[in-house]
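Asks: Okay, handing you the structure first.
Derivation of every value follows stated rules applied to the coordinates shown; laboratory data play no part. Since we're looking at a predicted model, the values are computed, not measured. Cβ sites come from the backbone with ideal geometry, for glycine too, and all protein chains shown count toward neighbours.
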Amino acid sequence: MEAGEVVWLRTDEALASAGRRAAAELARRVGLGEDRSGDLALAVTEAATNLQRHSVDGALALRVAARGGQSDVELLALDSGPGIAELSVALRDGSSTAGTLGVGLGAIRRLADAFAIHSVPARGTGLYAGFTGPSVAAPSSVPARVEIAGLTRPISGETQCGDTWAARGEPYGTDTDDEPSAVMVMMCDGLGHGPLAARAGDEARIAFRESRAGDPAGVLAAIHSRLRGTRGAAVAVARVDLATRRVSLCGAGNIAALVMGDSSRQSLLSTPGIVGHNVGRPQVYEAALPPGAALVLHSDGLRSRWQPGDFPGLLAVAPALIAGQLLWQAGTHRDDAAIVVVKVPS
C-alpha cells in the first residue's frame, strides 16, 4: 500500500460538475460498472451540493485506494463548519436541503460500499464514502485485519506532492503463506515542494518497497542510501508488532509520529538530520498501541499542536476519515502535507 494521486477540489460554483468528471475518470480506471459509476456520481453531486450550501469552507478529495487486488474509488467531503449537531437526523434517507437533489447523507451511506461520517459542532464535518471496484487475484502484504489509510495534498499552486507514505506487512518479500506478524509504515517529507521534492518522495517509496530489512533502522538506512543525489527528505519508519501491540520507530527530520488515544497522544521522536545527506546515529523509540488507539504519522504540512480531545469520537471512524479530518483541520496550504493512520482492532 502506498500514496497515490488525490484529486482535490475546493468549494466553488463548479464543484459538482468538476467532482463528477474526476469521479468518472477514477471509476473508469478501476473498472466500476455503469450502475456503480452512476451511484458514485450521485454521491459526489450530493456531497458537493452540501458543501456549497452549508459549509464555511470545504473541499472534495477523490482518489483510488489499492490494497492487494482490490481497488476502490474513495470520496472525502471535508469542511470547516458549522458542523452537524444531530447526525442521526441528517442521516435519515431522503433528508436533504431544499434545492438539492433530495438524496441526502443517508442515501450516500446506502449507495456506498463503505461509509463514515464525523462532525464536531463549530469545527466541521468529514464524510467518507468508498465504492468497491472489481477484484483480481493479487495478494496484499498487509494483514486484512489491519486498517491503514493515508492522504496527501500538495502546496497551493502545485500539482505534485513531495510528502508521501507507504505501508507493508512483515515479514516482507518471502514465499511463506503465513499471515504477517507486523506492519511497517513510512512517512516521507521531501525537502521543499514541487518536482524535486516529489522525486525524493518517489525514491523513498521505491526504497521502502525494495528493502528486505525487517526493522525500522534497516529500512531507514536503505532509504538514506537511495536518496543520495536527491534534495533529501525527512523520513520516519514505524513497525507495529501485531501480537504485542508495540510500536518501534526510527526517523530523521521533522516527522510527527504519535499514538493517538481518545483524549491523549504519546509522541515518538525522530533525530535531527536529512535523509539522503546527513543522518546521525539512528535511534529507535518504542510505545504501546492500546486497543482503540491509532498510530498516526504526518509531515510538517500539518500543525503539530492539534489535540485528540478536539475531535471527540474520531477514533471510532475509518482511518481514511481520520486522516482526512486531521489533514483538513490541522493542515496548512503553505506546504505539502501527508498523513497516514494505522488501526489494529483487538
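Asks: Amide H neighbours of residue 273 under 5 Å, counting only residues 5+ apart in sequence or on other chains, H built in-plane at 1.01 Å?
Replies: 253
Asks: Given a Förster radius of 35 Å and the C-beta distance between residue 56 and residue 159 as r, what FRET efficiency does 1/(1 + (r/R0)^6) yield to the nearest 0.05?
Replies: So, using R0 = 35 Å, E works out to roughly 0.85.
Asks: Given H placed on each backbone N at 1.01 Å, which residues far from residue 114 in sequence or on other chains put an amide H within less than 5 Å of it?
Replies: 130
Asks: How big is the equivalent ellipsoid of segment 147-343 along its three axes, where each semi-axis is √(5λ) from the Cα gyration tensor, reported in whole Å from largest to smallest?
Replies: For segment 147-343, the semi-axes come out at 23, 22, 14 Å.
Asks: Output ³J(HN,Hα) for segment 326-337: one whole-Hz value per residue in order, computed from phi by the Karplus curve 6.51 cos²θ - 1.76 cosθ + 1.60 with θ = phi - 60°, and x for Gly and Pro.
Replies: 5, 5, 5, 7, 10, x, 10, 7, 8, 7, 4, 9
Asks: With r defined as the distance between the Cβ atoms of residue 21 and residue 332 and R0 fixed at 25 Å, what FRET efficiency is calculated, to the nearest 0.05?
Replies: 0.35
Asks: Quick one: divide the alpha-carbon radius of gyration of the chain by 2.2 N^0.38 Å and tell me what you get. Spell out each step's value before the answer.
Replies: Working: Rg = 19.5 Å, N = 346, 2.2 N^0.38 = 20.3 Å.
The chain yields a ratio of 0.96.
Asks: From Cα coordinates alone, what are the radius of gyration and Dmax values for segment 1-90 in angstrom?
Replies: 13.8, 39
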